[in-house]
């Protein structure tokens, strides 16, 4: 890289510098705390004080907890449903929106479904608790008028995971829809015109032109999302769950919060977080490899 190019690109590097500093401070510097996972950590002695090293005892303790397997299963089950439906719903909705010819209706629907994406789970959690209330929630009132028994969506272990998944899809599918609509926009209009001349109907155009035209984006987002398999959504679960649904709704992140911050077992909580990070690293590395092989995606 020549001197002229360095000076020409210097403003760009200066623009990215604040973000880079924040990433280093909040993502890399805290990694020094990983050593807590291998210690009988006592906060009064400090992070680099004379702590007692216990090797892998914290990991062994976690793995032998009666509830750990259920928590791991809850995490995988909820996150897998979110990943699968989080890909399928936006794809289907983007294709349906693309078939609308009225631009006013199309843009209105697009804006409406995109709005929940900007709301935090603190706000949405309060809304869902209100509308899903078994006593006076609008959903259960509607079920009652239809002669269906009221459902405690946020307090029944049978319903709680699916309530989490459906509400997460409702919040986020608008963003995914816009991504896939952008992919559809990039398809050559001449292909549709040629198909019309050949007598193809809307179904044929969708199946043989629209979906294949979205294929690279679908493959890319599908593969890259595998790295989030152990992220079932702490902020959502934390705002919606309660002790009565721990059996079906407790995930790794909420478990770390309780055992670390509430029970003050810092070493155990760090061990669980490190376990999750290592698995996520393997999944992300594998997903990037697959994304490069099948979608030619590269990060540099």
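Quick one: which residue in 288, 297 is in a loop (DSSP other than H, G, I, E, B), touching a helix residue (DSSP H, G or I) at 6+ places or on another chain (Cβ under 9 Å) and either modelled with pLDDT under 80 or buried (at least 18 other Cβ atoms within 10 Å of the Cβ) (or both)? Let's see the steps before the verdict.
On the way: 288 fails: in a loop (DSSP other than H, G, I, E, B).
Going through 288, 297 in turn, the sole match is 297.
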Worksheet, complete the sentence: Filtering helices (runs of 4 or more DSSP H) wholly in segment 17-120 for at least 3 residues that are over 23 Å from residue 274 (Cα atoms) gives 68-99, 103-114
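Please verify whether residue 227 is touching a helix residue (DSSP H, G or I) at 6+ places or on another chain (Cβ under 9 Å), within 30 Å of residue 68 (Cβ to Cβ) and in contact (Cβ under 8 Å) with a residue 60 or more places away in the chain, treating the condition exactly as stated.
Numbers: touching a helix residue (DSSP H, G or I) at 6+ places or on another chain (Cβ under 9 Å): yes; within 30 Å of residue 68 (Cβ to Cβ): yes; in contact (Cβ under 8 Å) with a residue 60 or more places away in the chain: yes.
Yes: the conditions hold for residue 227.
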Fill in: Single unsatisfied condition, residue 99 versus (1) surrounded by 10 or more Cβ atoms within 10 Å (Cβ to Cβ); (2) farther than 30 Å from residue 168 by Cβ; (3) at pLDDT below 85
(2)
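When you look at residue 34, is it loosely packed, with under 14 Cβ neighbours inside 10 Å, within 19 Å of residue 264 (Cβ to Cβ) and in contact with a helix residue (DSSP H, G or I) (Cβ under 8 Å, 6 or more places away or on another chain), yes or no? Explain how you work it out, then say what you get.
Details: loosely packed, with under 14 Cβ neighbours inside 10 Å: yes; within 19 Å of residue 264 (Cβ to Cβ): yes; in contact with a helix residue (DSSP H, G or I) (Cβ under 8 Å, 6 or more places away or on another chain): yes.
In short, yes.
The values are calculated or read from the model by the stated rules, or taken from the named source; none is laboratory data. These numbers were taken from a predicted model, which means no experiment stands behind them. Cβ atoms come from the backbone with ideal geometry, glycine included; neighbour counts cover every protein chain shown.
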